[in-house]
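Pasting in a structure now, in structure tokens, and then I'll have a few things to ask.
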Amino acid sequence: MEDYEQNKHTDRYTQDSQYSQNSKDKLVRYYKYGLIPILILWLILTFVTTPMSGAFFLMGFMWPYLYYTPGFEDKAQSKAYRYSFLGNIFKFQSWIFSLMGNQPKRWMVSFARLIIPLLLSGVISILNPSWSPLWSILGWLTFEGFIWLNEKKDLQLL
């Protein structure tokens, strides 16, 4: 009887460990294929244009990228992040998606991902009108290209 209980505990631990390893592998793949190339592109863009253009570009890409990060939804909806800025932005984005119904068209989902970066960069560009929030749209288009490649190449990152 003791051996059964001990093996039962070991099996559960092994299963949890395997689940943890699978989610960690998925997260590593997600970062490797999405984050490293965009950071290289961002560095090039920052040196070619103004640093603020690079920041807006990165904001346009990073918000949708962060929203689809494996495990982010659980963290953003936990009690620890209930009053955090990021948790509230996540709830607002989820609310936007809920307005679209059960079977939204692909273009509606794509434009819903643009709303948060465009609002944030628009508010920040009030500080200096020469900063263009249009770079956020370019970052968003880059993320949409990332999704297209994910579907086309069947990378299973999202």
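Would you call Trp42 free of Cβ contacts under 8 Å to residues at least 24 places away in the same chain and surrounded by 14 or more Cβ atoms within 10 Å (Cβ to Cβ)?
Yes; evaluated as a whole, the condition is true for this residue.
Give me the helices (runs of 4 or more DSSP H) completely within the range 32-136, filtered to those with at least 2 residues that are under 19 Å from Phe146 (Cα atoms), ordered by residue number.
Numbers: elements: 51-67, 72-76, 85-98, 106-124.
Answer list for the range 32-136: 51-67, 106-124.
On to the next question. Quick one: count up the residues across the range 126-158 that are out of contact with any Ser or Thr (no Cβ under 7 Å at 6 or more places or on another chain), surrounded by 18 or more Cβ atoms within 10 Å (Cβ to Cβ) and either of a type in the set (S, T, N, Q) or under 17 Å from Gly54 (Cα atoms) (or both).
4
What is the number of the single condition among (1) farther than 18 Å from Met62 by Cβ; (2) touching a residue at least 60 places away in the same chain (Cβ under 8 Å); (3) under 19 Å from the mean Cα position of the chain (by Cα) that Asn128 does not meet?
Failed condition: (3).
If you don't mind, there's one more thing I want to ask. Report yes if Leu58 is surrounded by fewer than 18 Cβ atoms within 10 Å (Cβ to Cβ) and not basic (Lys, Arg), otherwise no.
Spelling it out, it is not the case that Leu58 is surrounded by fewer than 18 Cβ atoms within 10 Å (Cβ to Cβ) and not basic (Lys, Arg).
Specify the residue that is modelled with the lowest pLDDT; the eligible residues are those in the range 80-110 that are surrounded by 14 or more Cβ atoms within 10 Å (Cβ to Cβ) and aromatic (Phe, Trp, Tyr).
Filtering first and then ranking leaves Tyr81.
For Phe85, are the conditions met, namely being closer than 22 Å to Leu35 by Cβ and within 14 Å of the chain's Cα centre (by Cα)?
No, not satisfied.
The values are calculated or read from the model by the stated rules, or taken from the named source; none is laboratory data. This is a predicted model, so every value here is computed, not measured. Ideal geometry is used to build each Cβ from the backbone, glycine not excepted, and the neighbour counts take in all protein chains shown.
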